[in-house]
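The values are calculated or read from the model by the stated rules, or taken from the named source; none is laboratory data. This is a predicted model, so every value here is computed, not measured. All Cβ positions, glycine included, derive from the backbone under ideal geometry; neighbour counts span all protein chains shown.
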Amino acid sequence: MTNELVPTDPPPAAGVWDKLVEVVGDINLPKLIAGPAGQAISRLIAGGADIPAAWLEQKAKSIRDKTEGQSLVAKTLAGAAAELVKNDPALVQRAADAFIAKEIRHQHNRETVAVKAIEHLKETPDAQTTTPNDDWLNVFSRYAEDASSDRLQDLWARILSGELKRPKAFSLRTLRFVSELDEDTTSLFEKWSPSIINSDFIPFLPTEGDLFTELLRLEDVGLITGVAAQVSKIFRDPGSSIPDTIQVLTLGYSFKSHSVTAYIKRPFSFNIRAALLTRIGKEIYGITQAPDSMDTVRSFVQELPKENIQNITCQARSPGAVPEVLWSKPPEPAPTQPEP
């Protein structure tokens with residue numbers, strides 16, 4: 001019996017590059033995935049697993065040539081494993097089949113993540129990209145190959161495309177966190193992401209009930225902090241750093257797709273009870289997909305302390321959008337005239 005064990009029905013080649021061409025469409029393929037982005041995606045597709053079977057060695061030739069692969073198999077089946085081959089070859093064959101099946105599944109997951117990453121890169125085809133370092137790519141590949149659900153595959157794809165466009169956007173700690181992220185927590189964070197302001201905090205927290213419990217869950221997993229504590233965002237007059245001749249300043253509050261501007265008369269100081277995003281929370285918030293709504297924006301404006309504020313406007317971050325006045329200070333009543 002030879003040392004090269006193969007599954008009884010090896011699958012055909014994945015044809016991943018045909019998939020990439022299909023996804024990219026009429027965009028210049030070399031421009032989009034050549035260079036840093038292409039190098040990272042090629043690494044992801046190639047993977048880092050040691051492949052023992054000859055037909056998989058051919059597919060993984062860019063990583064390990066056939067001689068090295070055969071040598072690895074020989075070492076793997078040496079010693080006690082050789083006794084199993086003689087005594088129970090069917091057991092060894094089943095183990096080989098299981099190993100190959102796992103590698104095929106990992107390969108499919110990595111290729112799917114690669115295709116989805118190309119889809120996200122298509123959204124900004126002229127963006128400059130850089131190649132993440134080897135340690136980051138190795139860790140990313142190990143986690144991405146275990147993503148079997150469409151939602152998690154898309155999440156890893158957004159992480160990869162984001163890292164290609166913004167180096168060090170996602171720490172290794174965040175990669176580890178995402179690898180353990182369950183669907184319920186993902187959905188809950190997506191639910192609250194439209195309420196996040198300046199990619200930094202959730203304002204005007206509930207103090208009881210189901211919504212408070214949801215925020216406690218997000219705090220417990222490490223996405224936010226300050227739910228149970230008395231944490232506030234403080235907004236103060238910058239004082240002498242701004243000339244006294246400037247009597248009205250602007251305070252900006254950025255949602256995912258809207259920007260709110262408050263025009264406030266000096267001097268001012270106020271606090272907003274808030275939960276703060278952790279570093280992991282901030283990095284994951286950058287790739288959440290749930291859009292904000294005008295209901296969310298109007299609710300925030302309604303709760304915002306109005307002392308010294310002259311008016312508040314909102315503008316959608318889209319071409320041609322014009323500011324909309326959401327609140328204005330009521331006119332002061334005219335002074336009463338004394339009776340003659």
Enumeration of residues in the range 169-191 that are modelled with pLDDT of 90 or more, closer than 14 Å to Ile287 by Cα and either in contact with a Cys (Cβ under 9 Å, 6 or more places away or on another chain) or not small (Gly, Ala, Ser) (or both): Phe170, Thr174, Leu175, Val178, Phe189, Glu190, Lys191
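Considering only residues that are acidic (Asp, Glu) and over 14 Å from Arg273 (Cβ atoms), look in the range 207-241 and name the one that is surrounded by the most Cβ atoms within 10 Å (Cβ to Cβ). Even if it seems obvious, please write down each step before you answer.
Taking the range 207-241 and keeping what is acidic (Asp, Glu), we get 208, 210, 214, 219-220, 237.
If we keep only those that are over 14 Å from Arg273 (Cβ atoms) as well, we get 210, 214, 219-220, 237.
Numbers: Asp210: 7, Glu214: 16, Glu219: 19, Asp220: 11, Asp237: 15.
Residue satisfying both the conditions and the ranking: Glu219.
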Residue identified as outside the structural domain of Leu152 (by TED's automatic domain parsing), under 25 Å from Ser199 (Cβ atoms) and assigned to a loop (DSSP other than H, G, I, E, B) among Gln289, Gln315: Gln289
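From Glu219, Glu214, which residue is at pLDDT 95 or above, under 20 Å from the mean Cα position of the chain (by Cα) and among the acidic types (Asp, Glu)?
On the way: Glu214 fails: under 20 Å from the mean Cα position of the chain (by Cα).
Glu219 is the lone residue from the list that is at pLDDT 95 or above, under 20 Å from the mean Cα position of the chain (by Cα) and among the acidic types (Asp, Glu).
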Test for Asp244: is it closer than 21 Å to Glu283 by Cβ, without any contact (Cβ under 8 Å) to a residue 12 or more places away in the chain, surrounded by fewer than 15 Cβ atoms within 10 Å (Cβ to Cβ) and of a type outside the set (Lys, Arg): no
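Tell me, yes or no, whether the range 104-113 has at least one residue that is assigned by TED's automatic domain parsing to the domain that holds Arg43, among the β-branched types (Val, Ile, Thr) and modelled with pLDDT of 85 or more.
Start the filter on the range 104-113 by keeping residues that are assigned by TED's automatic domain parsing to the domain that holds Arg43, which leaves 104-113.
Applying the additional criterion that residues be among the β-branched types (Val, Ile, Thr) yields 104, 112-113.
Filter once more, so that each one left must be modelled with pLDDT of 85 or more: 112-113.
Within the range 104-113, one or more residues are assigned by TED's automatic domain parsing to the domain that holds Arg43, among the β-branched types (Val, Ile, Thr) and modelled with pLDDT of 85 or more.
Being of a type in the set (Ser, Thr, Tyr), in contact with a helix residue (DSSP H, G or I) (Cβ under 8 Å, 6 or more places away or on another chain) and in a helix (DSSP H, G or I) is true for just one of Thr186, Thr124. Which residue is that? Write out each step before concluding.
Values: Thr124 fails: in a helix (DSSP H, G or I).
The match here is Thr186.
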